[in-house]
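The values are calculated or read from the model by the stated rules, or taken from the named source; none is laboratory data. These numbers were taken from a predicted model, which means no experiment stands behind them. Cβ sites come from the backbone with ideal geometry, for glycine too, and all protein chains shown count toward neighbours.
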Amino acid sequence: MPLQLNDLDVVSQVQGLSSALIVPCNMCPAVSVAVREQKPFMQLLRSFLKSAPFEQHIRALQSRLKAEGVKTKVFKSHLYHHWFLCMWTSGQRKKLQKYAKQYEAVIVLGCESATETVRQLIESTDCRVIEGMEVAGFMNAKLRFHLPCNVSFEDCKIIPISQQKKEEESNDHHSKADKRRA
């Protein structure tokens with residue numbers, strides 16, 4: 001199952017910049033947005049191999065950045081095997097490396113692995129890497145097909161990542177102990 005991702009405040013991180021390239025992973029972030037908005041992940045007859053909720057989410061981000069004076073462009077990956085940014089081919093990575101040189105920042109919409117992939121590609125440039133999303137956990141859901149050719153995720157449950165869960169349990173245990181001592 002995909003990772004559940006939450007949005008981070010990107011607008012505050014682009015203060016003083018005039019341009020940014022938005023680099024989306026097309027799987028986990030797209031599923032996260034579709035589930036959050038309770039919309040189909042994909043509508044195959046309307047927009048083949050695109051997630052309409054995620055496309056709308058990206059346009060809204062572009063609009064917010066434009067209001068702050070930041071020009072943006074989205075780095076597109078149209079082929080299905082480019083959906084997972086962290087597993088891009090060397091050709092796709094080189095293409096991103098070339099595009100990123102034209103911008104002051106790259107905003108990554110994906111997990112930490114996606115961000116690290118981008119960070120490695122542009123480390124020799126002056127371009128800044130901005131994380132646009134953070135991992136909330138693993139998504140456990142049922143994949144559903146609805147007429148006319150809609151793909152959705154239902155009965156979603158977020159499963160914390162093991163280390164997160166251990167840290168949260170440890171913090172809960174310490175705060176309960178502190179309350180008993182007080």
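Name, by its number, the condition in (1) touching a residue at least 40 places away in the same chain (Cβ under 8 Å); (2) surrounded by 23 or more Cβ atoms within 10 Å (Cβ to Cβ) that does not hold for Thr115.
(1)
Which residue is modelled with the highest pLDDT, if the candidates are limited to region 37-58 and must be part of a loop (DSSP other than H, G, I, E, B) and hydrophobic (A, V, I, L, M, F, W, C)? Break it down stepwise before answering.
Just the residues of region 37-58 that are part of a loop (DSSP other than H, G, I, E, B), to begin with: 37-41, 44-51.
If we keep only those that are hydrophobic (A, V, I, L, M, F, W, C) too, we end up with 41, 44-45, 48-49.
Numbers: Phe41: 78, Leu44: 61, Leu45: 60, Phe48: 62, Leu49: 70.
Top of the filtered list is Phe41.
Of Ala34, Ala60, Ala67, which residue is buried (at least 21 other Cβ atoms within 10 Å of the Cβ), over 10 Å from the mean Cα position of the chain (by Cα) and either of a type outside the set (Gly, Ala, Ser) or farther than 23 Å from Arg93 by Cα (or both)?
Exactly one residue qualifies, and that residue is Ala34.
Sort out which residues of region 1-13 are touching a helix residue (DSSP H, G or I) at 6+ places or on another chain (Cβ under 6 Å) and closer than 28 Å to Gln102 by Cβ, and write them in order of number.
Leu5, Val11
Please go through region 1-38 and give me each residue that is farther than 17 Å from Cys111 by Cβ and touching a residue at least 24 places away in the same chain (Cβ under 8 Å), ordered by number.
If the condition is that a residue be farther than 17 Å from Cys111 by Cβ and touching a residue at least 24 places away in the same chain (Cβ under 8 Å), then Val11, Gln13, Val14, Gln15, Leu17, Ser18, Ser19, Ala20, Leu21 are the ones that fit.
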